[in-house]
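The values are calculated or read from the model by the stated rules, or taken from the named source; none is laboratory data. Since this is a predicted model, take the numbers as computed values, not measurements. Heads up, the Cβs are rebuilt from the backbone with ideal geometry, glycines too, and the neighbour counts pull from every protein chain shown.
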Amino acid sequence: MLYTIVKQNSYQDSVNLMLLTNKISTMEGINKVQIMMGTPANKDILKAADLYTEELEGAASNDMCIVVDTDSDEKIQEVLEEVDNYLSNQAISGSKETFETVRSWDKATTALPDANLAIISTPGQYAAEEAEKAIDRDMHVLIFSDNVSIEDERRIKEKAHEKGLLVMGPDCGTAVVSGVPLAFANVMKTGKIGVIGASGTGIQEVTTEIDRLGAGVSHAIGTGGRDLNDKIGAITMLDGIKALAQHSQTEVITLISKPPAKEVRDEVVNLLQSLSKPVVAIFLGEEPHNHEGNVYYANTLEETAAIAVDLVKGNTIKPNYNTLQGEVPAVELKPEQKTIKGLYSGGTLGYEAATLISRGINYDNTGEHEEGYLLNANGFEVIDLGDDIYTQGKPHPMIDPETRVQYFQKAAQDESTAIILFDVVLGYGSHEDMAGALIPGIEKIQKEAQANGKNIYFLATVCGTDQDPQGIDEQKAKLEKAGVILRDSNNQAVLTALAMLDIQIEEVQKEVVAAKETATAEITVSEAIEKLLTEKPSVVNVGLKKFTEAITANGGRVVQYDWRPVAGGNPRMRKILSVLR
Amino acid sequence: MYGQFKTIDEANRAVIDKVVSGAPFLVDVVPAKSVIKELNGKVLLHAGPPIKWENMTSPMQGSCVGATLFEGWASNADEAFKMLENGEIEFIPCHHVNAVGPMGGITSGNMPVLVVENRDGGNQAYCTLNEGIGAVLRFGAYSEEVINRLGWFRDVLGPTLSKALQVKGDGLNVNVAIAKAITMGDEFHQRNIAGSLIFLKDIVPYILQTDVDDKDKQDVIQFLADTDQFFLNIAMATSKAIMDTAREIQHGTVVTAMCRNGHEFGIRIAGMGDQWFTAPVNTPQGLFFTGYDQDMACPDMGDSAITETFGVGGMAMIAAPGVTRFVGAGGMDDAVTTSNDMMEICIDHNPNYSIPTWDFKGSCLGIDARKVVETGIEPVINTGIAHKEAGVGQIGAGTVRAPLACFEKAIDAYAVKLGLIEPEVNE
């Protein structure tokens, strides 16, 4: 039946009352409800809705009329309470964002007129075009997107170089500029070591290790994986090295790369030898036996960081930093358990593990690999689960634990498996609690193994710092509680795993030999690059919104560009827009 | 290529300069046929781009029936329907005769229309008077009550306002009213209560000075006091008068009209003159009175989107905190986002209408069809929602988007006209 409540002289705006009506109508036991001011026109609406009652006759324009159709008169009190509650709590709470969101380049530059860096994370096919728009607006660019053609990469980098701008990427997963972490990056102490690298997780491992050893990083510049390809000629690497060489707060330069083409390598090394600052370089996969003049060569990412830290602290450089540290855990294994399965989310960490394990088992791992494998020899496997073939339609394993847990199980089913080796990469962009997400899978496998009367050992390294949003100590504590053996670096984790299987790697002792004479190079750095390295960046973030968080939290300014393809990607419209300029 | 202009941007600037320099005055209220000569036969004006009877929505057809009865062309609804179905009555879009009409936009010769003169361009634009809410012609009602009200408009309201405006002498300055009302929370489509109040305040002293019968004076003032949306129609005629002056510059990509007929949404751009670019209309989304829901909503209708073309209405959502919640259930943040989004497709801010809740930035100025296509951001239109059956009337209010395809067709045609691209060959 119909109940009518007239609240006299209780004016509310009609929009409010419509929203309120919607809310009340969702309450249980209410067949129909309408709340309106008692104007003649509204009374007509109530009549049309078969909600008119005699009590409404006397209601005036400033009276709030509540008509409820319900089978239970007990509901009326409930409705009235809900009405009062709604009317007294009308403030709409929305989370305040500290940055503006725009939908075009023009608005982005209006919102942040001194923007000097763009982060591009659009689909790859559009990344080159957007990067060029940023360069046209005198911005440095970090291209997070992959699938940019090498021709486009060369064109963009040449154009930027001409204008005195830096292009990090494409496929640049991480960078730290003036203390501001960009894309997937760790938070670390600011210091005197300048890092430049062609590998995302390589940079993350070296910089977090530097942080752990008590030193700090001035900048970490990512070049993108193909920068040292002969088709690109290390355009970004060379400009970046020069910038770090001229940056007064940077005392030591650290370079991380896969082995480049010969001519490119010569050009880079020549530049390094001509600098007045010491340099630590790692060409992943090579096995250097000497340091040359000013340039110290490292065998592992851990050693790279350690040499850099000793250099910056003024300590004498030791011939070797790769000694196994810590006790080797005692193991109880069945005779058939002889292999290590490395299941990595960080490509370079996996690559390093594959290199070290190959050395340990005397396997020449230089040939072609099956897709997705970094090593697959005699039951020893290292897989980069961040490889394209594992991320088709699935999130990256730094974000999503599912693929990794699946491969953990697969590894555990292999009778030869003794140790499962993995990484947990922290920092902005990564999963907020990867340890917690992986543990249920790990515990299940351990339980099943024990039920079958055997042990499977989990061994991991956590790549991160105590300033990262996830907190490295918490992540470690969780993993240790679940029985995971932890080591501070990837190198130590791999060495420990090998030692648990009684495999040792011969340590290389390096001494400093003189480099061939190189003239001190004339180093010029553009004003724009100099500014990038001396001030907190002002960023236009084109694409993935989550990248804004690290920037605002670390003192950078950012405007979010909610990017969509121009004209929805319609080719004719794109053509028309280009002619109607 | 662009006449006296070197670039499209320059042409667009000239168009929006005309919008800013517009000087609209409400000068009179007169029978439509006295200013629109086409209405001296069996002719009805309708909202939106050209449309045939069979494609009209039920409410628009209902409005036609109401107008036919009001004009005395038929003695009952059945007869009126027959005449309309048989094509005995000609239809012309309001926009083709310097007029605009809300919802159905149905306008006949003896209906009084507001006359707004743009003294910058010397042209005039016309719009019928707002009927209030409930059973009204613009939503397709044609009951006796509706016809009687139209009679009173013709015999009392129109002549009284006309006389009052003659007493005033040089017309009411609408820019002043808009500038004041936008600081009082109006956006001139969904919310016009401040503008209506200002109009009432301005006009009453003159009404009192007329020789109109006291009872009629009382009724007129009461009607104006009761009709919160009265100013909407003044804002529409004003927007039309100003946009018509601006579109005399026949170059560039500024949108000079947006309107809907329940079947198609139509736009014009400066560079393509009188040509309409149409696409199927959307149906508004919003909040509904009890007993009604989204399924009963009539597809988008009305020339009132001329207010958005002018840069107010949905484009100025942030000006009207009171109606922002139609955007969704959001609050001020959503309103700011909406207006900021709209600035992505506009060229500048209109310094005449500074909005306090937007850090005193001016309202949106000059929708650039290129920017709409580039960003995919469709202009947002605040609107009443009609029931899809004639005569039920308004069942809610909300927002609707201007379809992207109109803007794509417009810039495509312009690029072809300029010889910058070959016409697309349809397979």
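Looking only at the stretch A:539-574, which residues are facing chain B (nearest Cβ under 9 Å) and exposed (fewer than 15 other Cβ atoms within 10 Å of the Cβ)?
A:Gly568, A:Arg572
Quick one: which strands (runs of 3 or more DSSP E) lie wholly within the stretch A:1-102 and hold at least 3 residues that are outside the structural domain of A:Gln560 (by TED's automatic domain parsing) and closer than 19 Å to B:Gln394 by Cα?
Because the criterion is at least 3 residues that are outside the structural domain of A:Gln560 (by TED's automatic domain parsing) and closer than 19 Å to B:Gln394 by Cα, the strands (runs of 3 or more DSSP E) in the stretch A:1-102 that meet it are A:30-37.
Regarding the stretch A:178-189, can at least one residue be identified that is among the aliphatic types (A, V, I, L, M), in contact (Cβ under 8 Å) with a residue 12 or more places away in the chain and either at positive phi or not assigned by TED's automatic domain parsing to the domain that holds A:Ala306 (or both)?
In the first step, residues of the stretch A:178-189 are kept if they are among the aliphatic types (A, V, I, L, M); the result is A:180, A:182-183, A:185, A:187-188.
From what's left, in contact (Cβ under 8 Å) with a residue 12 or more places away in the chain: A:180, A:182-183, A:185, A:187-188.
So of that shortlist, the ones also either at positive phi or not assigned by TED's automatic domain parsing to the domain that holds A:Ala306 (or both) come out as A:183.
Checked against the condition, which is being among the aliphatic types (A, V, I, L, M), in contact (Cβ under 8 Å) with a residue 12 or more places away in the chain and either at positive phi or not assigned by TED's automatic domain parsing to the domain that holds A:Ala306 (or both), the stretch A:178-189 yields at least one hit.
What is the residue count in the stretch B:262-290 for residues that are within 14 Å of chain A (Cβ to nearest Cβ) and free of Cβ contacts under 8 Å to residues at least 40 places away in the same chain?
Total satisfying the criteria: 1.
With respect to A:Glu530, determine if the residue is charged (D, E, K, R), away from every other protein chain (no Cβ under 14 Å) and under 29 Å from the mean Cα position of the chain (by Cα). Let's see the steps before the verdict.
Details: charged (D, E, K, R): yes; away from every other protein chain (no Cβ under 14 Å): yes; under 29 Å from the mean Cα position of the chain (by Cα): yes.
So A:Glu530 fits the description; yes.
Residues to consider are A:Thr403, A:Thr391; find the one that is under 19 Å from A:Ala183 (Cβ atoms), touching a Pro at 6+ places or on another chain (Cβ under 9 Å) and surrounded by fewer than 24 Cβ atoms within 10 Å (Cβ to Cβ). Steps first, answer last, please.
Working: A:Thr403 fails: under 19 Å from A:Ala183 (Cβ atoms).
Criteria check complete, one pass: A:Thr391.
What number of residues in the stretch A:523-581 are in contact with an Asp or Glu (Cβ under 8 Å, 6 or more places away or on another chain) and under 22 Å from B:Tyr414 (Cα atoms)?
Matching residues across the stretch A:523-581 total 7.
Only one of (1) among the β-branched types (Val, Ile, Thr); (2) in a helix (DSSP H, G or I); (3) outside the structural domain of A:Thr101 (by TED's automatic domain parsing) is not met by A:Ile551, so which one is it?
Result: A:Ile551 fails condition (3) only.
Of the residues B:Ile377, B:Ile367, B:Ile345, only one is facing chain A (nearest Cβ under 10 Å) and in contact with a strand residue (DSSP E or B) (Cβ under 6 Å, 6 or more places away or on another chain); which?
B:Ile345
In the stretch A:10-43, what residues are more than 12 Å from chain B (Cβ to nearest Cβ) and under 20 Å from A:Thr53 (Cβ atoms)?
The answer is A:Ser10, A:Met27, A:Gly29, A:Gly38.
Between a first residue in the stretch B:299-322 that is in contact (Cβ under 8 Å) with a residue 12 or more places away in the chain and a second residue that is basic (Lys, Arg) and part of a helix (DSSP H, G or I), which pairs have beta carbons less than 8 Å apart while being 6 or more apart in sequence or on different chains?
B:Gly302/B:Arg138; B:Asp303/B:Lys240; B:Ile306/B:Lys240
Would you please name the residue that is modelled with the highest pLDDT, looking only at residues in the stretch A:169-201 that are farther than 16 Å from A:Glu549 by Cα, under 15 Å from the mean Cα position of the chain (by Cα) and of a type outside the set (Val, Ile, Thr)?
Per the criteria, the residue is A:Pro170.
Report, by residue number, each residue of the stretch A:538-554 that is over 12 Å from the mean Cα position of the chain (by Cα) and small (Gly, Ala, Ser).
A:Ser538, A:Gly543, A:Ala553
If I filter the stretch B:399-418 down to residues being outside any helix (DSSP H, G or I) and more than 10 Å from chain A (Cβ to nearest Cβ), which single residue comes out as surrounded by the most Cβ atoms within 10 Å (Cβ to Cβ)?
The qualifying residue surrounded by the most Cβ atoms within 10 Å (Cβ to Cβ) is B:Ala402.
Being within 14 Å of another protein chain (Cβ to nearest Cβ), part of a helix (DSSP H, G or I) and either in contact (Cβ under 8 Å) with a residue 24 or more places away in the chain or closer than 16 Å to B:Gly185 by Cα (or both), is that true of even one residue in the stretch B:349-360?
Yes, there is a match, as at least one residue in the stretch B:349-360 is within 14 Å of another protein chain (Cβ to nearest Cβ), part of a helix (DSSP H, G or I) and either in contact (Cβ under 8 Å) with a residue 24 or more places away in the chain or closer than 16 Å to B:Gly185 by Cα (or both).
Only residues that are touching a His at 6+ places or on another chain (Cβ under 6 Å) and within 10 Å of another protein chain (Cβ to nearest Cβ): list them for the stretch B:380-398, please.
B:Ile395
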